[in-house]
Structures are given as structure tokens and as C-alpha cells.
1. Suppose we filter K90, K67, K45, K112 for residues that are at pLDDT 95 or above and within 27 Å of the chain's Cα centre (by Cα); which single one remains?
2. Filter segment 263-283 for residues that are surrounded by 18 or more Cβ atoms within 10 Å (Cβ to Cβ), modelled with pLDDT of 95 or more and either in contact with a Pro (Cβ under 8 Å, 6 or more places away or on another chain) or not hydrophobic (A, V, I, L, M, F, W, C) (or both) and give the result.
3. So I260 fits all but one of (1) of a type in the set (A, V, I, L, M); (2) open to solvent by less than 40 Å² (accessible area, probe 1.4 Å); (3) more than 20 Å from the chain's Cα centre (by Cα); what number is the exception?
4. Looking at (1) of a type in the set (F, W, Y); (2) buried (at least 17 other Cβ atoms within 10 Å of the Cβ); (3) part of a helix (DSSP H, G or I), can you tell me which one Y363 breaks?
5. Given the options R36, R21, name the one that is more than 18 Å from I145 (Cα to Cα) and either among the basic types (K, R) or modelled with pLDDT under 95 (or both).
6. F182 passes all but one of (1) more than 25 Å from L110 (Cβ to Cβ); (2) assigned to a helix (DSSP H, G or I); which number fails?
7. Could you go through segment 377-392 and let me know if any residue there is in a helix (DSSP H, G or I) and over 24 Å from the mean Cα position of the chain (by Cα).
Amino acid sequence: MNRLVTNLQTGRKLSGSPRKRTDDERVRHFQRKLYRKAKQEQGFKFYILHDKVRLPYFLRESYRRVKRNGGAPGVDGVDFQAIEKQGVDKFLNQIQQELEQGKYRPQAVLRKYIPKANGKLRPLGIPTIKDRIVQMSLKMVIEPIFEADFEEFSYGFRPKRSAKDAIKEIKYHLIGGKTQIFDADLSSYFDTIPHNKLMIALKERIADRNILRLIKQFLKAPIKDGKRITGGKRNKKGTPQGGVISPLLANIYLNLLDRIVASSNSIFGKANVKMIRYADDFVLMAKWMSPAILCKLEELLERMELSINWDKSRIVKAREESFDFLGLTFRYDRPRVKGRKSYWNIKPSEKSEKRLRANIREYLAVRRHLPTSLIIKDLNQMIGGWLNYFRMPGTSYIKQSCFELGEYLNWRTYKHFKRKSQRPCKRYRRATYRQLIREGMIDVRAYAYQSPPSNA
């Protein structure tokens with residue numbers, strides 16, 4: 001009888017015979033071995049990893065995950081359709097040969113800009129699909145090693161962790177009395193990570209020169225911004241947002257700060273300061289936070305060649321004023337019903353609500369030609385994702401936001417169908433949204449009937 005092995009990350013049982021496992025199961029089985037080794041021996045360095053990156057089942061699983069994530073082609077213009085027309089196996093065999101012979105070189109990263117809520121532009125780096133596959137395979141190999149070292153209060157871009165977990169942790173500490181908050185924002189974090197210090201952090205666990213050289217090649221990859229080429233070997237800072245491996249490298253570097261904050265011997269530990277971090281966004285929480293703590297934080301970040309954006313960072317007394325984090329507003333509210341206790345009202349922030357309404361408005365403005373069934377499907381995906389993110393029973397309270405969103409949808413859909421045609425139709429009446437609900441659209445008001453979270 002085959003021995004059954006339980007995967008630590010997924011909780012699924014794997015067949016003991018490798019032949020019967022899928023590529024995903026084989027990858028996760030290997031990751032579990034690496035994680036256990038790294039967890040048991042905290043000072044252990046891994047010497048032979050590069051051969052795993054080019055294993056056929058690692059490359060096949062990398063391609064599957066990269067395709068699932070989607071995304072535009074890079075500077076070479078090659079998309080998934082072109083790869084599959086050529087033959088996926090042939091494409092992956094070519095990558096494997098280049099890695100084996102040491103001939104693999106990343107191509108330039110395509111620079112794109114997406115608008116931010118404040119009107120500014122956020123730069124994104126789009127590697128080619130070929131480079132994304134190699135990055136994914138590399139990430140799958142080294143991620144479990146560093147997962148063994150990451151602190152529990154780090155939630156961003158980690159397996160089986162999410163922003164919801166960070167929100168619940170913040171609420172837990174608020175109820176516990178840690179109501180003095182330092183809401184921190186780092187200035188252009190991904191663009192300012194120093195390569196030399198990041199490589200030192202990587203070398204704490206990895207001694208395989210081929211792996212380190214491969215990571216360095218990704219860090220030094222040139223960036224194509226329009227007709228201009230920047231970066232390259234002279235570039236000493238930054239990891240492009242949009243790269244598959246960039247979030248992991250960002251977590252590895254900030255883990256240097258996490259370890260100090262988590263240490264019981266540090267000024268943070270002695271003051272019982274708690275940190276909750278999601279990628280480069282984090283808050284410090286304490287019953288009382290002395291100026292010395294913030295000075296020490298700034299000093300540590302300066303040594304890491306990072307800086308706090310003081311225009312967006314501030315100290316908040318949470319019982320007296322609200323603060324926003326990860327798209328939610330945290331506020332200490334008095335109950336509407338006399339005799340009940342005040343409670344922590346965690347709700348979608350005003351910025352999040354405005355962004356959703358803007359997305360709905362922009363979507364409907366250019367899609368009056370589409371059939372109603374397709375509009376309902378697209379809006380359901382947009383609204384459903386928003387509701388699933390903010391709805392956390394026992395933690396968040398979205399009743400008011402749902403009612404306001406329902407009113408907005410009723411008005412906006414009425415305007416949409418009224419302008420679409422002048423022919424009489426029941427959809428053109430004021431109860432347009434109610435009619436769309438009958439045809440399959442999400443009823444956001446159904447989400448509103450959620451009791452306020454009970455907490456002190």
C-alpha cells in the first residue's frame with residue numbers, strides 16, 4: 001500500500017508514488033521537504049537548488065501557473081497563443097536547455113503605467129512570458145525556505161495568507177487595548193530596494209551560486225520605457241512591480257525589519273509593540289508609543305536604505321479618530337441602540353467605495369452595445385469580488401456600504417438602459433436594478449443584513 005503524505009500547505013493527501021502525482025502535487029511535496037529542513041535547522045544554507053529550477057515538472061507547473069495568472073506579453077510580443085501554436089513542450093525544452101547550459105539571459109522588462117486613485121501613475125514592469133516562467137520556477141524552489149523564517153505578522157503575498165487575516169489581527173489587538181497606531185507608508189519601496197543588501201539577506205539561506213546569479217540577472221534586467229532603455233548592469237536598486245518573484249524578494253528584504261520588531265530584546269518588544277504588515281504597508285500598534293520607538297524605526301529603515309513617506313504616515317489614537325488600512329476604515333463607534341457597548345466599526349473606506357463606483361461607471365459608459373446577460377455577468381464579477389473582499393463576518397460591518405451601493409446601482413443601471421434605447425421596456429423604469437436581480441444580478445442588499453460585530 002502506498003504511503004500517504006499530507007501536504008503542509010494544502011492539507012491534501014498525496015499518493016506515495018510519484019508517478020501518480022500531478023505536477024502540482026510533486027512540486028508541493030518537494031516544497032514541503034524544503035520547508036521542514038529550513039524550519040528544523042534555522043542556520044542551514046542550501047547549496048544545490050539550481051537543478052530543481054529546470055526540472056521538467058517544475059517548468060510545466062510554472063507554465064500552468066503563469067498562464068492562470070494571465071497578463072500581457074512582454075517586449076518580445078509573444079503571448080500564450082503563440083507559445084501553444086509552437087508547442088508548449090518544445091518551448092519549455094528550450095528553456096530547460098538554456099538553464100542547463102548556462103545560456104539563459106532574461107530579456108528587458110516592459111514598463112507600463114497604471115493610474116492611481118490620487119491621479120498619479122504607478123509603474124509596472126512586465127517581463128516576457130518566458131522570463132515569468134523561469135521566475136515562477138525559481139520562486140517555487142526558494143519560497144518554502146524563506147517561508148520558514150518569515151514572521152507570523154507578515155501577510156502579504158504569502159501562501160495561505162491574505163489581507164483578511166491582517167484585518168482580523170488588527171481588530172484583535174484593538175480589542176486588546178493597543179489603540180495607539182502608527183500607520184506607516186514607505187516611499188517607493190519596490191523601486192528602492194538596494195541590490196547589495198538584498199543579496200546579503202538571500203545568502204543567509206542560499207549558497208547556490210547559480211541561484212544567486214539567476215536572481216541577480218532578474219534584478220539587473222534592463223527596463224524598456226517606450227523607446228528608452230534604462231537599468232541594466234549599472235542598476236543598483238529596485239525590483240520591478242509586476243515580476244513574479246518581486247513580491248517574494250520584497251518580503252525577504254523587509255523580513256530584516258520584521259525580525260527586529262519581533263525580538264523581545266528590542267525596544268519594540270520591551271514596549272510590547274505589535275506589527276501587522278502586508279507587503280510594504282504596515283502598522284505598529286501599542287497601548288502607548290513613545291517617540292523613541294519611531295526614531296528607532298526610522299533609523300533601521302535608513303540603514304536599510306529605505307525611507308518613510310511622512311506625508312502619508314501618521315500616529316493615530318484609534319479611539320478618538322479613524323484610520324484606513326488595506327482599503328478598510330477602522331473606527332470606534334457608539335451604538336445606535338441605547339444600552340449596548342461601543343464597538344470597532346470596520347467598514348470599506350470611502351476611497352474603496354468611490355473606486356468601485358468609478359469602475360462601474362466607466363464599464364457601463366462604453367458598453368451600451370452589449371447584451372444584458374453579458375453586462376450582468378461582468379458586473380457580477382466586479383461587484384462580487386469587492387463584496388467577497390470586504391465581507392468578513394464577525395470582523396467587518398458592511399451594511400451601510402451595501403445599501404449605498406444598491407442605491408447607486410439602481411440609479412446607474414437606470415441611466416444606462418434609458419440612454420441605450422428609447423423603446424418602452426420594463427428595464428427603463430426606476431426599479432431597473434430590481435429587474436436585473438431577477439435576471440441573475442447580485443443583490444448587494446442581501447449582504448447588508450449582517451449583524452454588527454460584537455466586541456468591546
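The values are calculated or read from the model by the stated rules, or taken from the named source; none is laboratory data. Quick caveat, the model's predicted, so the values are computed rather than measured. Quick reminder, even Gly has a Cβ in these numbers, built from the backbone with ideal geometry, and neighbours come from all protein chains shown. Quick note on the areas: whole protein, heavy atoms, side chains included, nothing else; ligands and nucleic acids left out. Shrake-Rupley method; radii C 1.70, N 1.55, O 1.52, S 1.80 Å.
1. Just a single option satisfies the conditions, and that option is K67.
2. Hits for segment 263-283 are K274, R277, Y278.
3. Answer for I260: the failing condition is (2).
4. Result: Y363 passes all but (2).
5. Of R36, R21, the one residue that is more than 18 Å from I145 (Cα to Cα) and either among the basic types (K, R) or modelled with pLDDT under 95 (or both) is R21.
6. (2)
7. yes
To keep it simple, each residue is scored yes or no on (1) farther than 30 Å from R105 by Cα; (2) surrounded by 19 or more Cβ atoms within 10 Å (Cβ to Cβ); (3) more than 17 Å from the chain's Cα centre (by Cα).
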position: T128; (1), (2), (3): no, yes, yes
position: K139; (1), (2), (3): no, yes, no
position: E152; (1), (2), (3): yes, no, no
position: L174; (1), (2), (3): yes, yes, yes
position: L186; (1), (2), (3): yes, yes, no
position: K203; (1), (2), (3): no, no, yes
position: I215; (1), (2), (3): no, yes, yes
position: A221; (1), (2), (3): no, yes, yes
position: K227; (1), (2), (3): no, no, yes
